[in-house]
1. Evaluate the distance, in nm, between pseudo-label points positioned 7 Å from the Cα of residue 66 and of residue 236 along their respective Cα→Cβ axes.
2. What ³J(HN,Hα) values, in whole Hz, does the Karplus curve 6.51 cos²θ - 1.76 cosθ + 1.60 give for segment 197-203 when θ = phi - 60°, with x put for Gly and Pro?
3. Which residues make up the longest stretch of the chain clear of trypsin sites (Lys or Arg not before Pro) that lie in a DSSP loop with no more than 15 other Cβ atoms within 10 Å, not counting the sites?
4. Along its three principal axes, how long is the chain when you only count alpha carbons? Whole Å, largest extent first please.
5. How big is the charge dipole of the chain about its Cα centre, in debye rounded to the nearest 20, if each Lys and Arg gets +1 on its Cβ and each Asp and Glu gets -1 on its Cβ?
6. According to the square roots a ≥ b ≥ c of the eigenvalues of the Cα gyration tensor, what is the shape class of segment 81-145, taking rounded for a/c under 1.5, prolate for a/b larger than b/c otherwise, and oblate for the remainder?
7. For residue 186, which sequence-distant residues (separation of 5 or more, or a different chain) have an amide H within less than 5 Å of its own amide H, given hydrogens modelled in the peptide plane?
8. How much length is gained if the chain between residue 150 and residue 199 is pulled fully straight, taking 0.36 nm per residue apart and subtracting their Cα-Cα distance, in nm to one decimal?
Amino acid sequence: MSGTAPDRGAGVLRPIRPHDRIGVPESADLEAYADFARRIQLETVGTDEFSYSAAELAVLGANPYLERRRFGIFDGGRLVAATAAWWERGGNDGGAPMITMVGVDPAHRRRGLGGRVLDAVEASARDAGRGSTILISEHRTDDGAGERLRPPQGGASLPADAPSVRFARSRGYELGQLLVASALPVGGLGARFRDLSRQVDRSDGYRIELWRDRTPEEHLDAFAAARSQMVAEAPSGAVDFPDEHWDAARIIDEEARAVQAGRRHLTVAAITPDGEVAGFTILTLAPGKRGAYQDDTLVLGPHRGHGLGMRMKLANLVALADAAPERTEVYTWNADENGPMLAINRELGFRPHSIQATWQRG
């Protein structure tokens, strides 16, 4: 979609253009979007710990492997509704775009603005040759009562009458998967994690290796091969998640942009005797936040049953205590049907924080 158009209710709908600098007139829309998304998340799940600053968006958005589109409705210069989506660039597989947010300022709701920005991003995806779309919504764990809506797999559910649930269903989206977001208090627990790590250590041929920010050259190809398997091997419910194609160049690019954005990565991998990456887990430390994010965690199929998931997570919690003792919590997201990983998290002390719903429309 190009140009601007009057909104039926209020304001002007336009694309939010990326910009590689902050604090200049051309970055005003991106800065408004970052603040708007932070406020929506704070309202939705009770914390802004997962939000991105405008400076992070500027750096991380310059990604040659991902296409990002954002649209907003501005009323008198103020952003009152917004949406964002991304999809893998290149190839002709038509992977579904991920629509990561549809938000409307509380004072401007019930005017159709959410539908307007969603129309815009869906049309943009269609123009790029992408038909099916995936929509993300976030919910508190105590988000209402009454009739429940359940995905095809797992035991978690959403209140059918929640506004975001009614909105998604009214747009033809079907609930495909629920992710449980969990939080683990970690302040001052480094000694406990170190002791637990020693208890689960084994002499079975796998070695646990840690690196910070940048992957060692000798592991780049094997790590890229393992990351390419994340979508294929992780539980996906009834959602057709787009494949991710990783190679050494993409790993190097992602890590360089993260460092530039002020984000730190702690990566732990389980390495086989012949140098294959059997599993990995990544902790991300965003600037200005109290917590850390447990990003992708995967044990590849042939290497399951050796306790590698617990060993890697404990090793990374020890590394976090050493590298950033000021961080007070770790947040993680797991498919509700992923019983083995959820059991590991419960054993470590993670407790449910919120729910992330994934919807798909063909």
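1. 1.8 nm
2. 4, 5, 5, 9, 5, 9, 10
3. Numbers: sites that count: 8, 21, 89, 109, 110, 202, 214, 290, 304.
Longest site-free region, per DSSP loop and neighbour criteria: 111-201.
4. Taking max minus min along each principal axis of the Cα atoms, the chain gives 66, 47, 42 Å.
5. Numbers: 44 positive and 50 negative charges, 208 e Å.
In debye, rounded to 20, the chain gives about 1000.
6. Details: a/c = 3.17, a/b = 1.67, b/c = 1.90.
Judged from the Cα gyration tensor, segment 81-145 comes out oblate (a/c at least 1.5, b/c at or above a/b).
7. 329, 330
8. Values: separation 49, 0.36 × 49 = 17.64 nm, distance 3.82 nm.
Full-extension gain reported as 13.8 nm.
The values are calculated or read from the model by the stated rules, or taken from the named source; none is laboratory data. If you're wondering where the values come from, they're calculated on a predicted model, not measured in any experiment. Using ideal geometry, Cβ is built from the backbone for each residue, glycine included, and neighbour counts are taken over all protein chains shown. All accessible areas refer to the heavy atoms of the entire protein, side chains included, with ligands and DNA or RNA removed. Shrake-Rupley method; radii C 1.70, N 1.55, O 1.52, S 1.80 Å.
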